[in-house]
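Peer 1: Supplied in structure tokens, the structure appears directly below.
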Amino acid sequence: MGGYLITGATLIDGDGERPGSLRTEGERIAAILPADVPDADLADLAARHGCEVVDGRGRWLVPGGVDPHVHFALPVGDTVTVDDFATGSRAALAGGTTTIIDFVTPARDQSLVEATEARLAEAARSSCDYALHASATAWRSTTAAELGACVERYGLRSLKLYLAYLETIGLADADLFAAMQAAAALDLTVLVHCEDGASVSQRQRALVTAGETGPAAHLRSRPPRCEVDAVVRALDLAARAGCRPYVVHVSTGGAVVAIRAARARGQTVLAETCPQYLVLDENAYRRPFAEAAAFVMSPPLRAPAERDALRTAVWRGDLDVVATDHCAFDRRQKDRGRGDFTRIPGGASGVEHRLALLYTLGVVPGALTPSAWVRLVSAQPARIFGLYPRKGSLAPGADADLVLWDPAVTRVIHAAEDHEVCDHSVYEGLAVRGRAERVWLRGTEVVRQGEILAPTDGGTFILR
Ligand SMILES: [Zn+2]
């Protein structure tokens, strides 16, 4: 008994859209009802099941967003991202994302099992549902067995590997290949951060030596070539190792070309981009340090022509997922890199605005259908990371993770109003359309009119 009956909405999932009503019971979706069920019958149904009726007319009902790329409570150098699982997850819910996937990033001498235990303890503060990707930051004789233990004990289904950051968490090719072989044996999806680490390091040193120390040098240290070369290399290694690669945060048209070429050769390649690469561009680095540092992230924002190529790739379906790579540092933290851009902690917030940004950019002008939008932000990440149809669908039996979307409202993003705790936003002042008016997580209403109702630590680890 109990639950909600949401009536008269446009129901949109990854397969299409139709008018109708949806009933929840407990934590699940109990039924989908066609639009021609008479009002009297709906009232009778609600009375029989003790449902609260929600008038969904003029609204869209979509499955909760799945953001498979966020970094909450991530230590970087001697600092930590400002959003932890408590604040980051609430920001996610406010924007209509009900599931996030974060990362286990072991210290180089730490076992993956121990790191997973520690990460699960941190993630227990999450108000939205969550999963974790494993990462291999070193490859030892024992790492494959540790990975196997993480799959067996915690249900992990994916492994992150870095071609950049060779000094800290990146792997050289021989280790990348060994890690990919181990992932293939365990049927894990392999997330690859594709930037050529050695070439980036060389460029950074040369720029600093030449006195180019501001945020604009960050851009010059990581030209498009660094990404494209790394994508080609990662896809080649993955093909030889027999694993299924997922290229994170694609930022260039050249990377899309490389991905399309690999697919044309018959390789399965999954790929993601992020709103910042679709909405913003490299001109941000021309601003004074305090403003420009906010946009320092890796890969960097690109030229408008690259951004446009990336948009086309998303509209065409070349990219499977739009995730955020949410990784927030406040102004004080960014300020550590004044005088040396290599010391600016890289990353920006965004988990709260992903659905609205892609809706505004893609759906409003008609470049994306509403259903394609749902695929990019919910259904496809859920499928790729083994959560579908429990997450990312409106099918009876699925978790009642629901967003009642107001498609018409216009608002302006202001960091001061965000649930993310960062003191600035790379989207400050941007006008967006659409809003998650009400949000349910496993049948419990967690957001209403921008107000978070969710209990702290109400999220569940969904892999085990
Ligand atoms: Zn990331």
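All of the numbers you see were taken from the coordinates with simple rules; none came from a lab. Fair warning: this is a prediction, and the values are worked out from it, not measured in the lab. Here Cβ is always computed from backbone atoms with ideal geometry, including for glycine, and neighbour counts include all displayed protein chains.
Peer 1: Consider only pairs whose beta carbons are under 9 Å apart and that are at least six residues apart or on different chains; among these, list those whose first residue lies in segment 415-443 and is over 30 Å from Gly26 (Cα atoms) and whose second residue is surrounded by fewer than 21 Cβ atoms within 10 Å (Cβ to Cβ) and aromatic (Phe, Trp, Tyr).
Peer 2: none
Peer 1: Would you point out which residue out of Gln204, Gln181 is more than 21 Å from Val269 (Cα to Cα) and in contact (Cβ under 8 Å) with a residue 24 or more places away in the chain?
Peer 2: So the residue among Gln204, Gln181 that is more than 21 Å from Val269 (Cα to Cα) and in contact (Cβ under 8 Å) with a residue 24 or more places away in the chain is Gln204.
Peer 1: Scanning segment 86-109 for residues that are without any contact (Cβ under 8 Å) to a residue 60 or more places away in the chain and within 23 Å of Ala382 (Cα to Cα), which turns out farthest from the ligand (Cβ to nearest atom)?
Peer 2: Among residues in segment 86-109 that are without any contact (Cβ under 8 Å) to a residue 60 or more places away in the chain and within 23 Å of Ala382 (Cα to Cα), the one farthest from the ligand (Cβ to nearest atom) is Val104.
Peer 1: May I pose another question? For segment 262-280, enumerate the residues that are more than 16 Å from the ligand (Cβ to nearest atom) and over 17 Å from Gly346 (Cβ atoms).
Peer 2: Those that are more than 16 Å from the ligand (Cβ to nearest atom) and over 17 Å from Gly346 (Cβ atoms): Ala262, Arg263, Ala264, Arg265, Gly266, Gln267, Thr268, Val269, Leu278, Val279.
Peer 1: Which one of these is of a type outside the set (A, V, I, L, M, F, W, C) and touching a Lys or Arg at 6+ places or on another chain (Cβ under 9 Å): Asp236, Asp308, Asp281?
Peer 2: Matching residue, one of Asp236, Asp308, Asp281: Asp281.
Peer 1: Which ones in segment 1-37 are under 21 Å from Val363 (Cβ atoms) and of a type in the set (Asp, Glu)?
Peer 2: Answer for segment 1-37, where residues must be under 21 Å from Val363 (Cβ atoms) and of a type in the set (Asp, Glu): Asp13, Asp15, Glu17.
Peer 1: May I ask you to list pairs of residues, at least six apart or on different chains, whose Cβ atoms are under 7 Å apart, with the first in segment 446-464 being without any contact (Cβ under 8 Å) to a residue 12 or more places away in the chain and the second being surrounded by fewer than 13 Cβ atoms within 10 Å (Cβ to Cβ) and among the hydrophobic types (A, V, I, L, M, F, W, C)?
Peer 2: Final answer for the pair search is none.
Peer 1: If you go through segment 269-297 one residue at a time, how many are of a type in the set (Gly, Ala, Ser), closer than 25 Å to Gly362 by Cβ and touching a residue at least 60 places away in the same chain (Cβ under 8 Å)?
Peer 2: Qualifying residue count for the region: 2.
Peer 1: Are there strands (runs of 3 or more DSSP E) fully within segment 51-128 with at least 2 residues that are surrounded by fewer than 17 Cβ atoms within 10 Å (Cβ to Cβ)? List them.
Peer 2: 52-55
Peer 1: Pairs, please: C-beta under 7 Å, at least 6 apart or cross-chain, first residue farther than 20 Å from Ser158 by Cβ and within 16 Å of the ligand (Cβ to nearest atom) and in segment 238-261, second part of a helix (DSSP H, G or I) and among the hydroxyl-bearing types (Ser, Thr, Tyr)?
Peer 2: Within 7 Å, the pairs are Ser251/Tyr277.
Peer 1: Among (1) within 16 Å of the ligand (Cβ to nearest atom); (2) under 15 Å from the mean Cα position of the chain (by Cα); (3) at positive phi, there is one condition His133 misses while meeting the rest; what is its number?
Peer 2: (3)
Peer 1: Right, something else. Is it the case that segment 151-172 has a residue that's more than 22 Å from Pro68 (Cβ to Cβ), touching a residue at least 24 places away in the same chain (Cβ under 8 Å) and within 16 Å of the ligand (Cβ to nearest atom)?
Peer 2: There is at least one residue in segment 151-172 that is more than 22 Å from Pro68 (Cβ to Cβ), touching a residue at least 24 places away in the same chain (Cβ under 8 Å) and within 16 Å of the ligand (Cβ to nearest atom).
Peer 1: Only residues that are farther than 21 Å from Val247 by Cα and crowded, with 19+ Cβ neighbours inside 10 Å: list them for segment 152-164, please.
Peer 2: Matches in segment 152-164: Tyr154 only.
Peer 1: In this structure, does Ser393 turn out to be surrounded by fewer than 24 Cβ atoms within 10 Å (Cβ to Cβ), touching a residue at least 12 places away in the same chain (Cβ under 8 Å), touching an Asp or Glu at 6+ places or on another chain (Cβ under 9 Å) and assigned to a helix (DSSP H, G or I)?
Peer 2: no
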